Amino acid sequence: MFLQGCVVLMLSGCGSNPAPQTQTKAALPEAHVDPATAGTISGKILFQGAKPVMPTIDMSSNPSCERQQKTPAKAETVVVNPNGTLRYAYVRIKDGLAPAHWAPPAEPVKLTQSGCIYTPHVVGIMVDQTLSIMNDDPVNHNVHAESQTNAAWNISEAPKDEPKLRKFSSEEILFPMTCSVHPWMRSWIGVSSHPFFAVTGEDGSFSLAGVPPGTYTIEVVQEKLGRKEGKVTLAAGGTAAIDFTYGN
Amino acid sequence: MATENSFNRGLHRWSILLAFCTLLLVVAGALVTSKDAGLSVPDWPLSYGKLMPKMEGGIFYEHGHRMIATTVGMFTIVSLIWIFRTDRRNWMRKLAVAALLAVILQGVLGGMTVLYLLPWWISSSHATLAQLFFSTTVAIALFTSKGWLGGPAIVPEDAENPLRGLSLAAPICLLGQLFLGAAVRHKAIGAIYHICGAPLVTAVVLWVSMRILLHYARNRELRTSAILLISVTLCQVFLGIAAYMTRIAYADAIQPMPLMVTFTVLHVATGALTLATSIAMAILVRRNLGERVEMPESALEA
């Protein structure tokens, strides 16, 4: 432990952690949305072309993981729903909101390690909101946040440990959360400075509610297929729709 | 200080064992990287707060690597003590101390790369020092061998085909190429740099080795080392191509694929063998080469 202490001291200045952004946040006014004029932006993320076939995860070297799968698990890199839409696309308002500080919800966002798979595959969370990471497996996991803007970290989580709680201090979209014990395990985290984001599910749709009227740039991020943007104008108390299409 | 030394079979065999275990350690380290298991144990020097965690998934590779490293460290300490007790060569004792310092530094670098989440320069330094440490253990095995202690078979250096300086070119180029390879593995640079370096380094290795085979082949030690270096280098080129091709083929794989892991690990291990052979060859050149002379045609033909 002495050796470890020396090393930590030696390298205390060479980390790449970004400086805290407390001052910037403090300088911003608190966000306020008038419910009378707020509207909803919704849409679908479509996929055209041949449906990609996701490989089966080989868990044979980890029998404890394999035993938990009723059928062999498949990768979730690109999941096309039966209705031709994409699952696990992260959608958010990229530009157009007035600069403000949006208070994060008090309830944590959950990320579960179950069957040696991260659930959900894509996580949307706000800056300073708590991420609660649980291990439901009978095996050890490590959880490695491979963030670039936020400070990266790597922690261990033993079976049935208390949930590990973490927060992210800066907006960052998207970065992987990985487990090196089980190298197929990968979740994607989107940290937003405001609450207007969504992750598409089994119907490939998204809905951003309570948005102030205005013209916005909507961004979709998919871990493999990349980013897409579109403009949308939302009238006071109205609705606006925008769809995005990926393909191969 | 006396410089004469008698052959110690036990020490020599122990040195060979140390070199072999170090090569295993290089293989274990290469497996950690190829299996993406470098951060599977977040803490160091303990593993999950224990001396012996459950060996599952990536932990098997990472903690296994640590266990082999600890064994090699212990073996190096035994070597140091053994050399100090039985070997009268002062420079040999210094080499044994250097080996111990290298293995300690290597352990610290290994811990740092875990605690600082695999920064490329620490990880690459760790990988490169591993290769240098392996070469050191091979050199110790060479210096404790019966052949070495029996004395050199001096051959004069041909003034038209000098070898002494040239023999250093191979290990220097190989070390640079190994560092590039480590930097590629740790995602600091693109593979193109390592790929471009390969023909240059191969050319240097062939140049030095062919000079030995063409002009100094009458010395058995030099001839053997040159043939060995050419053989291992050609193997290394083949393994490098195979490792790269499998990496391209499995670029979209969601987990490390066995064929890619196999070729990459063999490439790393053979890289260590190539460097060690080139260093041994450079050492043998310095030991066996006499004064530089103008060689008559008849001597060359002989």
(request) List the residues of the stretch B:43-87 whose accessible area drops by at least 30 Å² when all protein chains are present, compared with their chain alone, using a 1.4 Å probe and counting only protein heavy atoms. (result) B:44, B:45, B:48, B:54, B:56, B:57
(message) Once you order the gyration tensor axes a ≥ b ≥ c over the Cα atoms, which shape class does chain A get: rounded for a/c under 1.5, otherwise prolate or oblate by comparing a/b with b/c?
(response) oblate
(request) Set Lys and Arg Cβ to +1 and Asp and Glu Cβ to -1, take the dipole of chain A about its Cα centre, and tell me which of A:149, A:134, A:46 lies farthest positive. (result) A:46
(request) Only helical DSSP H runs with n ≥ 4 go in: add -39500 (n - 2.57) per run for the protein assembly as shown, normalise by residue count and round the 222 nm mean residue ellipticity to 500 deg cm²/dmol. (result) -15000 deg cm²/dmol
(request) Give me the percent of Cα-Cα pairs in the stretch B:92-216 that sit more than 22 Å apart, rounded to a whole number. (result) 53
(request) Could you give the C-alpha radius of gyration of chain B expressed as a fraction of 2.2 N^0.38 Å, taking N as the number of residues it contains? (result) 1.07
(message) One quarter of the convex hull surface, Cα atoms only: what value does that give for the stretch B:1-156 in nm²?
(response) 10.8
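How big is D for the stretch A:44-171, in µm² s⁻¹ as a whole number, if Stokes-Einstein is applied with the Kirkwood radius of its Cα pairs at 37 °C and 0.692 mPa s? Each step should come with its number before you reach the end.
Values: Rh = 17.2 Å.
The Stokes-Einstein estimate is 191 µm²/s.
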(message) Loop only by DSSP, 15 or fewer other Cβ within 10 Å of the Cβ. Give me the GluC sites (Glu not before Pro) in the stretch B:154-247 that pass, ordered by residue number.
(response) B:160
(request) Counting other Cβ atoms within 10 Å, keep those with at most 14, restrict to DSSP loop, and tell me which trypsin sites (Lys or Arg not before Pro) in the stretch B:146-185 are left. (result) B:164
(message) Given a 1.4 Å probe, show me the residues in the stretch A:159-204 buried by at least 40 Å² of accessible surface when comparing the whole protein assembly to the chain alone.
(response) A:180, A:181, A:183
(request) For residue A:202 paired with residue A:158, estimate the spin-label separation in nm (one decimal), with each label point 7 Å from Cα along the Cα-to-Cβ line. (result) 3.7
(message) Can you tell me, using C-alpha contacts under 8 Å and at least 6 residues apart, the relative contact order of the stretch B:152-302 as a whole percent?
(response) 42
(request) Could you give the size of the charge dipole of the stretch B:61-159 about its Cα centre, using +1 on the Cβ of each K and R and -1 on the Cβ of each D and E, expressed in debye and rounded to the nearest 20? (result) 420
(request) Evaluate the charge dipole of the protein assembly as shown about its Cα centre and quote only its size in Debye, nearest 20, assuming +1 on the Cβ of each Lys and Arg and -1 on the Cβ of each Asp and Glu. (result) 1400
(request) Can you bin the stretch B:152-302 into rounded, prolate or oblate? Criterion: square roots of the alpha carbon gyration tensor eigenvalues sorted a ≥ b ≥ c, rounded for a/c under 1.5, prolate for a/b above b/c, oblate for the rest. (result) prolate
(request) State the Cα centre-to-centre distance between the stretch B:137-157 and the stretch A:99-138 in whole Å. (result) 63
(request) Report the one residue of A:204, A:191, A:114 whose Cα lies farthest in the direction of the positive end of the charge dipole of the stretch A:98-218 (charges on C-beta: Lys and Arg +1, Asp and Glu -1; origin at the Cα centre). (result) A:191
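With r defined as the distance between the Cβ atoms of residue A:119 and residue B:241 and R0 fixed at 35 Å, what FRET efficiency is calculated, to the nearest 0.05?
Calculated value: 0.30.
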(request) Lys and Arg at +1, Asp and Glu at -1: add these up for the other residues within a Cβ distance under 14 Å of residue A:63 and post the number. (result) -2
(request) Sticking with the crude label model, points 7 Å out along Cα→Cβ, report the distance from residue A:70 to residue A:136 in nm, one decimal please. (result) 1.3
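Using Cα-Cα distances under 8 Å and only pairs 6 or more residues apart, what relative contact order does chain B have, in percent? It would help to have the intermediate numbers written out before the result.
Details: 368 pairs, mean separation 74.9, N = 302.
Computed over chain B, the figure is 25 percent.
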(request) Keeping all protein chains in place, calculate the accessible area per residue for the stretch B:9-151 (probe 1.4 angstrom), answer in Å². (result) 42
(request) Subtracting the Cα-Cα distance from 0.36 nm times the residue separation, let me have the gained length for residue A:36 to residue A:229 in nm, one decimal. (result) 66.7 nm
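Given a cut-off of 20 Å, what percent of all Cα-Cα pairs of the stretch B:1-93 lie beyond it?
Within the stretch B:1-93, distances greater than 20 Å cover 49 percent of Cα pairs.
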(message) Suppose all protein chains stay in the model; what accessible area per residue would a 1.4 Å probe give for chain A, in Å²?
(response) 48
(request) Please state the charge dipole magnitude for the stretch A:101-193, taken about the Cα centre, from unit charges on C-beta atoms (+1 on K and R, -1 on D and E), reported in debye and rounded to the nearest 20. (result) 60
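To the nearest hundred square angstrom, how large is the accessible surface buried between B and A, total for both chains, probe 1.4 angstrom?
2300
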(request) Please compute P(r) over all alpha-carbon pairs of the stretch A:101-193, binned at 5 Å starting from zero, and give each bin as a whole-number percent. (result) 3, 15, 27, 27, 17, 8, 2, 1, 0
(message) Using 20 Å bins from zero, what percent of all Cα-Cα pairs in the protein assembly as shown falls into each bin?
(response) 18, 42, 26, 12, 2, 0
(message) As a test, work out the antiparallel percent of DSSP beta bridges whose residues both lie in the protein assembly as shown, rounded to the nearest 5.
(response) 70
(request) Skip the ligands, DNA and RNA, and give the accessible area per residue of the stretch B:152-302 with a 1.4 Å probe, whole Å². (result) 49
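The values are calculated or read from the model by the stated rules, or taken from the named source; none is laboratory data. Not measured: the values here are computed from a predicted model. Don't worry about glycine lacking a Cβ; one is built from the backbone with ideal geometry, like all the others, and counts go over all protein chains shown. Note: accessible area is taken over every heavy atom of the protein model, side chains too, but ligands, DNA and RNA are not part of it. Shrake-Rupley method; radii C 1.70, N 1.55, O 1.52, S 1.80 Å.
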